[in-house]
Every structure is written in C-alpha cells, then in structure tokens.
Amino acid sequence: MPELTEEEIPRRVTIVEVGPRDGLQTEPALVPTEVKVAFVEALADAGLPVVEVTSFVSPSAVPQLVDAAEVLSRVRRRKGVRYPVLVPNLRGLDRALAAGADAIAVFASATEAFSQANLRGSIDETFERFAAIASRARSDRLWLRGYISVAFHCPYSGSVLPDAVVAVAHRLLDLGCDEVAIADTIGAATPPEVDALLDDLLADVPVDRLALHFHDTGGMALANVDAGLHAGIRTFDSSAGGLGGCPFAPGAPGNLATETLVSHLEHRGIGTGVDTGKVTSAVAALRMASSHPAPA
Ligand code: COA
Ligand code: ZN
C-alpha cells in the first residue's frame with residue numbers, strides 16, 4: 001500500500017452513510033419503521049453529512065424496505081444533511097417524490113449478468129429507465145447520484161475490466177449525475193485493482209465527481225480507501241456498524257463500518273466531522289430495538 005505524502009493527505013473527507021439502505025436491505029430481523037427513522041436521525045446527529053435513507057424498489061425484490069415512503073417522510077431532516085434514496089425506475093421515482101425526496105440515486109451495473117440479477121434488464125435497458133429518471137430529476141432539481149455495482153468483481157461473471165466501468169461512468173455522467181459511486185459490491189477488490197481503475201477513470205472524469213463504495217468481505221476495504229485517497233478521491237461510503245451487503249450479490253456481507261472508516265481517517269489526521277461514539281450508540285439502539293444479531 002502506498003504511503004500518503006503530506007500533499008496527498010486531505011484535511012477533510014466526506015463520508016456517505018449507507019447503513020439505513022445498504023445495511024437494512026439485507027437485515028433478517030424485522031426493523032420497525034420508527035426504529036429506522038430514529039436510526040437515520042441518530043446518524044445525521046452523529047455528524048454524517050449524507051445519510052442514504054432507503055430504496056424505492058420493488059418490495060418483492062427487497063421486502064425489508066417496503067416502508068420506504070413512511071421512513072423518508074417521517075425523518076426530521078437536519079439542515080445541511082443530504083438524504084438520498086435509491087430509485088430503480090419511474091415508479092420508484094414517483095414514490096420517492098411523493099415522500100419528499102430531494103436527492104436520489106440510480107444504480108447501474110458494470111456487467112450484464114449483475115444487471116439482470118439486480119434490475120431485471122440489460123445495461124442498455126436500465127439506462128433507458130435511468131434517462132427517464134434523470135430527466136425528471138433535472139427538471140425537479142434533484143441531486144442525483146449514480147452507482148456502478150460490481151465495478152471490480154461480479155459474483156456471476158468474475159473480474160470486471162476497467163473499460164466496462166469507465167463506459168458506464170460516462171453514461172451516468174452524461175445523464176447528469178452529480179456524483180458517480182464506484183462500488184465493490186462483493187468486497188473483493190484489491191488496492192492494485194483500485195489504482196488501475198482510478199487511473200483509467202481519472203483520465204477524463206473530475207475527481208470530485210467520484211465516490212468509492214467498499215465492502216470489507218476480503219478485509220481490504222481500508223487498504224482500498226487508502227488507494228482512493230492516494231488518487232485524490234475525497235468521498236467514501238460506509239455503513240454504521242458494518243451492517244449489510246447486497247442481497248443480489250452472494251457473498252457480499254460486511255460493509256465497511258463507518259466507525260472503522262472514521263477512526264482510520266482521523267488516525268491519519270483527516271477530519272470527517274463524525275462522532276464515532278454517537279454512531280456506535282445509533283447502532284446499539286437499532287440492535288436493541290430490532291434484536292439484530294451482532295455480526296459474526
Ligand atoms: N416500487 C414499488 N413496486 C415496484 C417498483 C417500485 N419502484 N417497481 C416495480 N414494482 C412492482 C410492480 O408494481 C410489480 O408488482 P406486482 O407484481 O404486484 O404487479 C412488480 O414490482 C414487478 O414489476 P416489474 O416492472 O415487472 O419489475 P421487475 O420484476 O422487472 O423488477 C425492478 C425490476 C428494478 C423493479 C426490481 O428488480 C427491483 O426493484 N430491483 C432492486 C434491487 C435492489 O434494490 N438491489 C439492491 C441495491 S444494490
Ligand atoms: Zn454496498
């Protein structure tokens with residue numbers, strides 16, 4: 001892992017909290033709506049500047065998030081905090097807007113196999129849906145994030161070539177995405193792979209339009225964060241308590257925990273504005289209220 005030089009150490013990094021969505025979507029226990037609302041509010045109180053609240057997807061695809069509308073409409077929003085929600089299609093966008101969404105995320109896949117498994121459509125078909133979403137997002141002035149799932153390894157088709165990811169990134173930026181999040185959905189990426197992809201991406205994508213989303217399945221998430229920092233990335237996703245993973249990606253448990261990421265960054269003198277004690281309390285309250293088993 002390359003050591004960061006003085007100039008490469010940023011003063012501040014933005015952490016995007018994905019626990020209430022990426023974490024809870026795979027939660028086996030039933031988490032009551034009010035517990036989800038309290039979790040989101042506690043995470044914003046802990047200083048997280050972006051808290052991804054939920055997904056407006058098909059409840060048969062993700063039963064745990066069936067109460068997305070209630071959760072989003074009940075959250076008391078803190079000034080200065082962004083609360084994005086995932087939307088897979090126009091139906092999801094309508095539901096999200098009715099619940100008061102002002103920031104949304106679409107999620108594309110880097111491989112055809114994952115696109116079919118996660119979104120039941122080819123990459124081209126999903127981009128037709130996203131184009132409709134993005135056009136509404138523009139006219140409604142919504143903040144728009146575009147994810148690229150399985151940007152390094154796919155559970156169905158193996159290693160992913162950087163070219164495929166670069167192509168999807170350009171399509172998302174062309175739609176008008178404010179930010180593109182490169183996701184290691186199954187947590188199998190290594191720092192050399194992160195270096196290689198970022199080398200290609202940064203050839204023509206501004207660094208401040210990119211975010212990195214790592215899972216820690218292979219234990220490399222922090223090393224991968226360092227590779228991202230080295231390349232100039234300043235926005236990283238993490239999940240409070242390390243909750244979650246993607247239900248459509250076998251072997252994807254173990255998000256990078258927000259507490260771990262914050263400590264790692266602060267140890268290096270990089271500010272996050274996040275109070276890890278409050279994040280820990282938020283997770284403890286969630287576990288108490290939903291009898292969530294501690295991660296193995
Ligand atoms: N919100 C609520 N319900 C929705 C919906 C949405 N955004 N989109 C579709 N549905 C419902 C339809 O009404 C239909 O319901 P019915 O069976 O009661 O008639 C059902 O879902 C199937 O609709 P269809 O348009 O045929 O969708 P599909 O079966 O082709 O699935 C997606 C496509 C994208 C909706 C679905 O695969 C999905 O929600 N994927 C999300 C996966 C995810 O969240 N992954 C985790 C993030 S990495
Ligand atoms: Zn994830």
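Assorted remarks:
- Close amide H contacts of residue 82 (hydrogens built in the peptide plane, cut-off under 5 Å, sequence separation of 5 or more or a different chain): 50, 51.
- Across the range 116-205, the convex hull enclosing all Cα atoms gives 93 Å³ per residue.
- Cut-off under 5 Å, modelled amide H: who pairs with residue 210 long-range: 180
- Counting protein heavy atoms only, the chain has 53 percent of its accessible area on carbon and sulfur, 1.4 angstrom probe.
- Segments 199-207, 163-171 sorted - mean Cβ within 10 Å per residue, highest first: 163-171, 199-207
- Each Lys or Arg adds one and each Asp or Glu subtracts one; over the other residues with Cβ under 14 Å from the Cβ of residue 12, this totals 0.
- For the range 117-249, accessible area per residue (1.4 Å probe, heavy atoms of protein chains only), Å²: 36 Å²
- Residues with amide H under 5 Å from that of residue 57, placed H, sequence gap 5 or more: none
- 37 °C / 0.692 mPa s Stokes-Einstein diffusion coefficient of the chain, Kirkwood radius on C-alpha pairs, µm²/s: 175 µm²/s
- For the range 105-120, Karplus couplings with θ = phi - 60° (6.51, -1.76, 1.60), whole Hz, Gly/Pro x: 9, 9, 9, 9, 10, 7, 10, 5, 5, 6, 4, 5, 5, 8, 10, 6
- The packing ranking of peptides 135-142, 213-220, 13-20, highest mean first, is 13-20, 213-220, 135-142, where packing means the average number of other beta carbon atoms within 10 angstrom of each residue.
- Couplings for the range 279-285, taken from phi via the Karplus curve 6.51 cos²θ - 1.76 cosθ + 1.60 with θ = phi - 60°, read 5, 4, 5, 4, 5, 4, 5 Hz in order; Gly and Pro are left as x.
The values are calculated or read from the model by the stated rules, or taken from the named source; none is laboratory data. Being a predicted model, the structure only gives us computed values, none of them experimental. Counting neighbours? That spans all protein chains shown, and the Cβs are built from the backbone with ideal geometry, glycine included. Quick note on the areas: whole protein, heavy atoms, side chains included, nothing else; ligands and nucleic acids left out. Shrake-Rupley method; radii C 1.70, N 1.55, O 1.52, S 1.80 Å.
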